[in-house]
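Contents: one structure, followed by commentary.
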Amino acid sequence: MGRASERKHIYGGPKPVDYVRAHNHVAHVPHFGHGANGFRRFWISPEWIGKGWSKCPCGWGGPKWETHYAITPHVQGWKKQIKKYGGLEGAYRDVIRRLKKAGVSTWTVEEVGE
């Protein structure tokens with residue numbers, strides 16, 4: 001995949017004026033924070049949207065957050081899982097099952113009392 005823009009992604013800090021939320025392709029569920037299982041969140045330039053980056057349906061950040069983006073193959077994978085499992089909750093259960101099978105520590109919101 002070629003560079004979508006000369007403007008780079010930015011990790012951390014306050015949101016740059018015209019950038020949007022994004023995350024990498026690592027398997028995750030909404031409560032995963034930056035660094036959990038290699039999950040990374042960052043800001044991308046809006047010029048990247050449609051050039052290898054698409055609106056992500058994974059629910060990361062919860063309903064209070066605005067739209068966020070991920071690389072298009074990751075987005076396509078989430079859409080397929082959501083359809084296969086009848087919704088986001090079913091897709092999350094599958095992700096948690098796969099992470100546990102791989103030996104990755106997964107905790108749920110219920111386990112931490114939120």
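Could you list, in sequence order, all residues of the stretch 74-89 that are of a type in the set (Lys, Arg) and either touching a residue at least 12 places away in the same chain (Cβ under 8 Å) or in contact with a Cys (Cβ under 6 Å, 6 or more places away or on another chain) (or both)? The one that is of a type in the set (Lys, Arg) and either touching a residue at least 12 places away in the same chain (Cβ under 8 Å) or in contact with a Cys (Cβ under 6 Å, 6 or more places away or on another chain) (or both): Lys79. Candidates in the stretch 99-114 are the residues that are in a helix (DSSP H, G or I) and more than 16 Å from the chain's Cα centre (by Cα); of these, the one that is modelled with the lowest pLDDT is Val112. Mind listing just one residue for me: the one in the stretch 1-15 that is exposed (fewer than 10 other Cβ atoms within 10 Å of the Cβ) and more than 17 Å from Trp53 (Cα to Cα) and, of those, modelled with the lowest pLDDT? Top of the filtered list is Gly12.
For the stretch 69-98, the set of residues classified as surrounded by 15 or more Cβ atoms within 10 Å (Cβ to Cβ), at pLDDT 95 or above and touching a Ser or Thr at 6+ places or on another chain (Cβ under 9 Å) consists of Tyr69, Ala70, Ile71, Thr72, His74, Val75, listed by residue number. Only a single item in (1) surrounded by 14 or more Cβ atoms within 10 Å (Cβ to Cβ); (2) at pLDDT below 90; (3) not hydroxyl-bearing (Ser, Thr, Tyr) is not met by Pro57, and it is number (2). The residues of the stretch 29-88 that are of a type in the set (A, V, I, L, M, F, W, C), outside any loop (DSSP other than H, G, I, E, B) and more than 11 Å from the chain's Cα centre (by Cα), listed by number, are Ala36, Trp43, Ile44, Trp48, Ile49, Trp53, Ile82, Leu88.
Within the stretch 6-17, residues that are at negative phi and aromatic (Phe, Trp, Tyr) reach partners that are surrounded by 11 or more Cβ atoms within 10 Å (Cβ to Cβ) and part of a loop (DSSP other than H, G, I, E, B) with beta carbons closer than 9 Å, at six or more positions or on different chains, in the pairs Tyr11/His34; Tyr11/Arg40.
Taking the stretch 16-28 as the range and being part of a loop (DSSP other than H, G, I, E, B), under 17 Å from Gly62 (Cα atoms) and among the hydrophobic types (A, V, I, L, M, F, W, C) as the test, only Ala27 passes.
The values are calculated or read from the model by the stated rules, or taken from the named source; none is laboratory data. Please read all numbers here as calculations on a predicted model, not as lab measurements. When we count neighbours, we look across all protein chains shown, and the Cβ atoms used for this are built from the backbone with ideal geometry, even at glycine.
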